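Coordinate-derived values only; no laboratory data. Values in this document were obtained by computation on a predicted structure and should not be read as measured data. Quick reminder, even Gly has a Cβ in these numbers, built from the backbone with ideal geometry, and neighbours come from all protein chains shown.
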Amino acid sequence: METLQFTRPAQAARIQPALVGYVGSGDLEVMVEPLQGSQAEIHIQTSTPGSEIRWRQVIEQIEARIALPAMRMDIHDFAATPGVIRLRIEQAIELASAMEAQA
Amino acid sequence: MSELNANFHGNYEGGFIDLSARKRIESLLDNGSMRELLTPFDRLTSPWLEKQGIVPQFDDGVVIARGKLDNKAVVVAAIEGGFQGGSLGEVGGAKIAGLLELAIEENRKGNPTAAVLMLETGGVRLQEANLGLAAIAEIQSAIVELRQYQPVIAVVTGPVGCFGGMSITAGLCSYLIITREGRLGLNGPQVIEQEAGVEEYDSRDRGLIWGLTGGTQRFASGLVDAFVDDDVSALSTSVRDCLGQGVPALHRSDDISAPLTRLQQFDTREQIDAQRARQALTEGKTA
Amino acid sequence: MNAQMKPISQRGSQWFDGLTASMDSVNAAVPSLRIADGELAGRACRVLLVKPDVENHFPRATRGEVGLLEGYGLAAAIDEAIKTDADNPHKRALIAIVDVPSQAYGRREEALGIHQALAAAVSAYARARQAGHPVIALLVGKAMSGAFLAHGYQANRIFALADSGVQVHAMGKAAAARVTLRTEEELDKLAADIPPMAYDLESYASLGLLESLLEVESAESPSASDLDKVRTVLAEALNDIQPGDTGLERRLNGTNRGASRLVREQLRAQWEA
């Protein structure tokens, strides 16, 4: 198991806690919680060692598509592919942000 | 918190097996009545898995909630079969035991509270071995106490099935509901093969294993009370039926002398098959 | 199979013989059980043992395993005690002598619902305790997995002989190694940091599940002073178990059970909130 942490610039935004996925083979759980300020803190525990560069790339790809909200994001990864990781992270952010409209 | 509760407006249709543990509970309870306790945001992860280099899950693979079924108070626990094979460790086990213990207190205070357990589990999590086993003993004790007041209903739908110490737990419940895709047995096929040899139990012989421990056989043998399709509304109806029946006059686990006699009379010289098992387990029972 | 090569444990029978010498033997429903009624510290008690029976009707349960007949047989003996004492304010104590290598592994066992047989025993022990029968487990040999759940784990108090032949675990070491894809050496190494995985009794004691470890001269074949000592311990425990003491809460105090306590504490706080 490897523990990684990334801090990225982000936009202050009103989001709510959200959780998607689970820690099963080829999948991951992504938890999002609001964070004051303008940073996204991403904490990762992954079963795949030596994957820091891959995670950095996935996060950059996501940043190219959507603006990260200020948040704390926790990821528990069980050997998911980059495609599944991207999907889950985007789902989590979408869900956390969608709450605003409902509230 | 979308996954987690709040404004669910009740439109689950179709299969139950594919739902996550959390959605299983949500799909069952009266609309909007689910209140999850110790959510993933409480971050009560296993203290033992990380020490062994194993990625934890925020809810430790167990979701627990209070809610209503036909407007009656219930507690529900669901095990996430996809996380570590649905194995029970210290935290997940304590969540279920603690939930049942609080339900007992409610009943003692005069507030009827029943329980539903959705069991998708291989049993004890071997990475937390003795604490998983201890938790199962505590869950069992709580079920025996709680079921005096209100029904404790177990649901085994698959895909994992219900094995190990938790199969004994299922045997303690007031009612047991199974699907064709559910399996129920004490020992996993590989372990039996390892311990007793391939002639005794071939873990690759899926026909043999499903024939002996699958939902169809367990229902036909009278070891479960209801057999339902993998369908949210069928399951929901079945659970509500069981709840409506109230506490059974005699719990299956306390029916002792008739099963004992049947087993003593069973001819063990030949190996068993599904047909003989059904016969042996239902002999002399009224339909 | 490896298991077949190991000698069958006689510990359970040795301790049963010693502790029940002055008691009356009770007919058990099946030959693999021994039951005796008598008195300990002036208190009525029933002692229960699952023992090896090479002629067992079920061929996969000849070595002291808890199988189909043993599960229902225990349940019958306990259920009878509960019913007999139903109107008696002094419920007899139940003392389980535990030397069970495993549950029975076999095709007949699964097909005929061994889980339900063990549930009958678990239920009977739990009902007895909850009805006010003091229940004590004395571990003199192995106490493994489903077998221990069915015979001993529902006790108010669990005592164990301080001896390397006494073992509590969810799965034998060899099988656990296979299932977790580790070697036995790796398991031992891990167990040093992970007390719930360890096979030694001191680690088990740190989980708070044991009342105490009892030093004896011979765990295999108890001496007169061993028997006296254990009788004294059992008698003290019977005096210690109060009428309202029918739950398992006291097991939650172990050094290495912090998470079990924390979960219950936080759950209670959220319950009413």
Subject >> 14 Å beta-carbon shell around A:VAL58, net charge (K/R +1, D/E -1) >> reply: +1
Original post:
Counting partner chain Cβ atoms within 10 Å of every residue's Cβ in B:42-48, what's the average?
Top reply: 4
Original post:
Taking a temperature of 37 °C and a viscosity of 0.692 mPa s, what whole-number D in µm²/s does Stokes-Einstein yield for the stretch B:169-210 with Rh from Kirkwood over alpha carbon pairs?
Top reply: 279 µm²/s
Original post:
If you build a Gaussian network model of chain B, linking Cα atoms that sit under 10 Å apart, which residue out of B:THR39, B:THR179, B:THR157 swings the most?
Top reply: B:THR39
Original post:
Can you sort C:HIS169, C:HIS151 so the residue with the fewest Cβ neighbours within 10 Å comes first?
Top reply: C:HIS169, C:HIS151
Subject >> Bridge type composition, the stretch A:2-102 - antiparallel percent by DSSP, nearest 5 >> reply: 70 percent
Original post:
How many Å³ per residue does the convex hull of the Cα positions in the protein assembly as shown occupy?
Top reply: 152 Å³
**OP:** Would you mind giving the mean number of other chain beta-carbons within 10 Å of the Cβ of each residue in C:166-172, as a whole number?
**Re:** 5
**OP:** In whole angstrom, note down how far apart the Cα centers of the stretch C:130-181 and the stretch B:162-233 are.
**Re:** 24 Å
Original post:
Over all pairs of distinct alpha carbons, what does the Kirkwood formula give as the hydrodynamic radius of the stretch B:1-130, in Å?
Top reply: 15.2 Å
Subject >> Å³ per residue enclosed by the Cα convex hull of the stretch C:2-247 >> reply: 124 Å³
Original post:
Running Debye on the stretch A:2-102 with equal point scatterers at the Cα sites and no solvent, what base-10 log of I(q)/I(0) appears at q = 0.11, 0.12, 0.23, 0.24 Å⁻¹?
Top reply: -0.28, -0.33, -1.26, -1.37
Original post:
Sorting B:THR45, C:THR20 on the 10 Å Cβ count, fewest up front, what's the list?
Top reply: B:THR45, C:THR20
Original post:
Under a Cβ-Cβ cut-off of 15 Å, what is the net charge of the residues other than C:LYS83 that fall near it, where Lys and Arg count +1 and Asp and Glu count -1?
Top reply: -3
**OP:** Normalise the Debye intensity by I(0) for chain B, one equal point scatterer per Cα, no solvent, then take log10 at q = 0.07, 0.10, 0.11 Å⁻¹ and round to two decimals.
**Re:** -0.25, -0.52, -0.63
Subject >> Rounded D (µm²/s) - the stretch C:201-273, Kirkwood Rh over Cα pairs, Stokes-Einstein at 10 °C, 1.306 mPa s >> reply: 106 µm²/s
Subject >> Backbone HN-Hα couplings from phi across the stretch C:194-202 [Karplus 6.51/-1.76/1.60, Hz, Gly and Pro as x] >> reply: 10, x, x, 8, 6, 9, 8, 6, 5
**OP:** Quick one: compute the contact order of chain B, relative version, from alpha carbon pairs under 8 angstrom and 6+ residues apart, as a percent.
**Re:** 15 percent
Original post:
Counting DSSP beta bridges in the protein assembly as shown, what percent are antiparallel, to the nearest 5?
Top reply: 45 percent
**OP:** Using the number of other C-beta atoms within 10 angstrom as an exposure proxy, rank B:LYS95, C:LYS91 with the fewest first.
**Re:** C:LYS91, B:LYS95
Subject >> Backbone N within the stretch C:92-136 under 11 Å of label point (7 Å from C:THR84 Cα along the Cβ vector) >> reply: C:92-93
Original post:
What whole number of Å gives the distance from the Cα centroid of the stretch C:237-270 to the Cα centroid of the stretch A:55-102?
Top reply: 41 Å
**OP:** Taking H placed 1.01 Å from N in the peptide plane, check which residues at least 5 places from A:GLN39 or on another chain put their amide H under 5 Å from its amide H.
**Re:** A:ALA10, A:MET71
Subject >> 14 Å beta-carbon shell around C:HIS133, net charge (K/R +1, D/E -1) >> reply: +2
Subject >> Karplus-derived 3J(HN,Hα), 6.51/-1.76/1.60, for each residue of the stretch B:114-126, Hz, glycine and proline x >> reply: 9, 9, 10, 10, 9, 9, 10, 7, x, x, 4, 7, 5
Original post:
Radius of gyration and Dmax for the stretch C:125-273's Cα atoms, expressed in Å?
Top reply: 17.1, 57
Subject >> Average other protein chain Cβ within 10 Å of Cβ, residues B:182-195 >> reply: 6
Subject >> Interchain or long-range residues, amide H under 5 Å from B:CYS162's placed H >> reply: B:THR121, B:ARG183, B:LEU184, B:GLY185
**OP:** Per DSSP H run of n ≥ 4, the term is -39500 (n - 2.57); total these for chain A, divide by its residue number, and report the mean residue ellipticity at 222 nm rounded to 500 deg cm²/dmol.
**Re:** -11500 deg cm²/dmol
Original post:
Which of the peptides B:181-187, B:86-92 is most tightly packed, and how do the rest follow, going by the mean number of other Cβ atoms within 10 Å of each residue?
Top reply: B:86-92, B:181-187
